[in-house]
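The values are calculated or read from the model by the stated rules, or taken from the named source; none is laboratory data. Quick caveat: nothing in here was measured; it's all calculated off a predicted structure. Cβ sites come from the backbone with ideal geometry, for glycine too, and all protein chains shown count toward neighbours. The accessibility values were calculated without ligands, DNA or RNA, using every heavy atom of the protein model including side chains. Shrake-Rupley method; radii C 1.70, N 1.55, O 1.52, S 1.80 Å.
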Amino acid sequence: MFENYFFDGPNKEMENLPIFSVVEDSEIENVKDYPESLALLALKNTVLYPGVVIPITIGREKSINAVKYAEKNKKLIAVTSQKDIKTASPGRNDLFSVGTVARIVKVIEMPDGNTTAILKGRSRFELTEILSNEPYINISYRNLPDVNPSENLEFDATVSSIRDVAKKIIELSAHIPNEATIMLQNIKNNSFLLNFIASNLNLNVKKKQEILEENDFLEKARMILGLMGSELQLLELKDQIDSKVRGGIEKQQRDYFLNQQLKTIQEELGDNPQEAELLALADKAKAKKWDDKVQEAFDKQLNKAKRINPQIAEYSVTLNYLELMLDLPWNEYSEDNFDLDKVIKVLDKDHYGMEKVKARILEHLAVLKLRGDLKAPIICLVGPPGVGKTSLGKSIASALQREFIRMSLGGLHDESEIRGHRKTYIGAMPGRIIQSIKKAGTSNPVFILDEIDKIGKDFRGDPSSALLEVLDPEQNGTFYDNYLELEYDLSKVLFIATANSLSTIQPALLDRMEIIELSGYSTEEKIEIAKKHLVPKQRKEHGLGAKDVTLKPTVISDVIERYTRESGVRSLDRRIAAIMRSTAKKVAMDESYDIAIKIEQLEDILGPTKVSKDAYAKVDTPGVTVGLAWTRVGGDILFVESSLSKGKGKLTLTGNLGDVMKESASTALSYIKGHAAQLEIDPEFFEKHDIHIHVPEGAIPKDGPSAGITMLTALSSLIKDKPVKSHLAMTGEITLRGKVLPVGGIKEKILAAKRAGIKTVMMCAENEKHVNQIKKEYIKGLKFIYVKTMDEVLKHALG
């Protein structure tokens, strides 16, 4: 009910003084000593009622003159309210007609130059005329008598209700002191009670003016009771809302109170776990080798933790952050093994072959040994599944005597997995890069980013774009994690990414990595891997020794060729494990068996043959040629068959061929037509015959340009009715100009040719460098023909 008052001058805020006056009726209604005219004081934001005392601050010159005049002349002044507070100099129409005659109790000159007057309302009046405007507003008026009912039961009951409602409002209003109840009890005069309550109701000027203008006290009492009822309903609704909120926080307050008591008891006993915890963190920080920026950030968060109540959630967030900072190995590095001979021995022991990767690691170590400081290379190993890309990373870490971290990126969709979440989020964590460095305990581990070609991308961000900073040697020295909010040096980390294909890796990311391709293993290499690694490993895992079971190279070779079809050795490892299980069963049951496994036993142990062995079958029929193909599980030989029939020159292609392979057949036929005279072929031959080319195993999709010279040879052999030389296989792309272009997958194709019993292999002269990279013992017995033109192909194939 109580409120602040703003009077006269704009934005003049008054101190909210107690508003009360115990005034007798005789004093209020004694109007005989009133002069015929009075100086007028216009109020802006309130209404003065008879019997009520209010202080006002006066700012306008006319108002000051009016107060000074009235103070010298009986201290009576007419007070009314403005209709519009923005009116600076109000006229007759700007003022309410009904106001209150007031007595000036006191005039105070304030230190800021303003004048404050304390006024006590006496009786109501009605403004009849403005007599003058200068130097103050002087008015004539007439007094308004109040109709005060005597011995009216309805009036008494209404006033009683007003007292009850007022008491409830005081109880529900937090800003009204309880003493106000006593004050209401002390007011015996009903008319003054109504004026007092109306003055303190939280109403606008218009509503208050309506109450002042009402002559009938009973009607005035009804108006006030109605307005008080509305305010009571609002307060009761607010109290209900507060009760619901209070019920929710009571438990928190209770817990807080009990924890504060527990804290006080612990302090009395000299035991403060929170303080001890923070002191332990501060002591641990003294041993860290971080720079000034990190130290400053740690101190800031530590001081923040000291000010936070341990019971609120932010304390746990800050404590977790501090512990992360202390757990990270800032400027802590493990010592590298610079014994290069020992490094190469460890790498050779763990992995067979892979000379390129091993040479690159040795080069990095050699430079690091000479210089003492070098940014680690970003290596990407690309190759088919099962060739040992991931296990090679572990072997490199062992050889360098560094910590090893593996992070699988397959199916990763959320960028926050790399950069972390900001601490403002509930359950925020650092990214997996920082988490892995923390787990490793050093800032220079070997970090495997497995399956980098299988990173996803959706509405949560693009993790491959976040990796751009991680895998850039120029940027990763200042890697920024959103949770850590500090730069961390990753430049000494040896990142090794693995992938099965480069086609799905973002070009910008691909550009930052040093690509090393790992091809599939040959049969000879698989035999060596099985002898040195797989067989000893499976013997140990099955509780067997060398005296319990042996596998000869011929048996291993048969397992590879008839029971596996892969570039790597995972399937081979499973087949060897099956042999070991069979042997372990016989040993455990004391059955008699041959220690040396024979080829004849494989079908009983491993079941029927899973893969048909590639074999060359001699064909004397014209139009059939042997090509070489690359697959994801290694090389293969491919028969290209062709036939003639009477027709109009139609070319039919079957065998589930791709567009590129179909174009190679069309190119070959166009070349033959264009060089018909040179090849001694009748030009009309093509108009009278249809040609059909078929590549067997039609269920398997086939594509690529490397069958170009095979198609050319098959068509030429068919049309000239001349068989192709026996035991000859070929691979190479052709052009309409008659050129032979190089192709890929040479190692796999050559090894497939050797397995199939091919004796001569024809290919582009530019592929000779790839043949030279293959170990001589693997291609022993093979003859190579290198060609540059399609004429040379036909010369060597058909004679």
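Side notes on the structure shown:
- Interchain or long-range residues, amide H under 5 Å from L741's placed H: E733, I734
- Phi to ³J(HN,Hα) by Karplus 6.51 cos²θ - 1.76 cosθ + 1.60 over the stretch 48-58, Hz, x for Gly, Pro: 9, 9, x, x, 9, 9, 9, x, 9, 9, 9
- Whole-angstrom gap from the stretch 631-686 to the stretch 97-148, using each part's C-alpha centre: 117
- Net +/- balance of residues flanking L798 in space, Cβ distance below 14 Å, scoring K and R +1, D and E -1: -1
- Relative to the longest principal axis of the Cα atoms of the chain, helix 708-719 runs at roughly 40 degrees.
- Computed extension gain for K739 through R371, at 0.36 nm per residue and net of the alpha carbon distance, reaches 127.6 nm.
- Label assignment, semi-axes √(5λ) of the Cα gyration tensor in Å derived from the structure, set (i) 60, 32, 23; (ii) 104, 37, 26; (iii) 64, 29, 28: (ii)
- Top positive-direction residue, dipole computed over the chain with Cβ charges, set S592, S716, N204: S716
- In summary, the lysines within cross-link reach of K68, defined as a Cα separation below 19 angstrom excluding same-chain residues under 8 places away, comprise K106, K120.
- Dipole-positive endmost among L518, A499, L484 within the stretch 478-537 (Cβ charges, Cα centre): L518
- On the basis of the beta-carbon distance and an R0 of 56 Å, K293 and K532 show a calculated FRET efficiency of 0.65.
- Other-chain or far-sequence residues with amide H under 5 Å of K552's (modelled H): I597
- Local electrostatic count at D291 - Lys and Arg +1, Asp and Glu -1, tallied over other residues with Cβ under 11 Å: -1
- With Cα atoms, 0 to 90° folded angle of helix 217-268 axis to the chain main axis: 50
- Based on every Cα atom in the stretch 61-213, Rg and the maximum pairwise Cα distance Dmax equal 18.1, 52 Å.
- The chain - share of DSSP beta bridges that are antiparallel (%, nearest 5): 55
- Within the same chain, aspartates and glutamates fewer than 8 places from K306 are excluded, and of the rest, those with a Cα less than 17 Å from its Cα are E267, D271, E275, E277, D283, E296, E314, E323.
- Backbone HN-Hα couplings from phi across the stretch 647-661 [Karplus 6.51/-1.76/1.60, Hz, Gly and Pro as x]: x, 10, x, 7, 10, 10, 10, 9, x, 6, 8, x, 4, 5, 5
- Heavy atoms of the protein chains alone define the surface here; on that basis the chain has 50 Å² accessible area per residue at 1.4 Å probe size.
- In a fully extended conformation the segment linking I265 and K552 would gain 95.5 nm over its present Cα-Cα distance, using 0.36 nm per residue.
- The accessible surface of the stretch 43-175, taken with every protein chain in place and a 1.4 Å probe, is 49 percent carbon and sulfur.
- A Förster radius of 35 Å combined with the Cβ-Cβ distance from K207 to N178 puts the calculated FRET efficiency at roughly 0.85.
- Derived scalar couplings between HN and Hα for the stretch 36-47 equal 5, 10, 9, 6, 10, 10, 8, 9, 9, 10, 8, 10 Hz in order, rounded to whole Hz, by the Karplus curve 6.51 cos²θ - 1.76 cosθ + 1.60 (θ = phi - 60°), x for Gly and Pro.
- Nonlocal Lys pairs with alpha-carbon distance under 29 Å, the stretch 465-568 (8 or more apart, or different chains): 13
- Taking each residue as 0.36 nm, the span from N73 to K775 lengthens on full extension beyond its C-alpha to C-alpha distance by 240.0 nm.
- Compared with the dominant Cα axis of the chain, that is its longest principal axis, helix 355-371 is turned about 60°.
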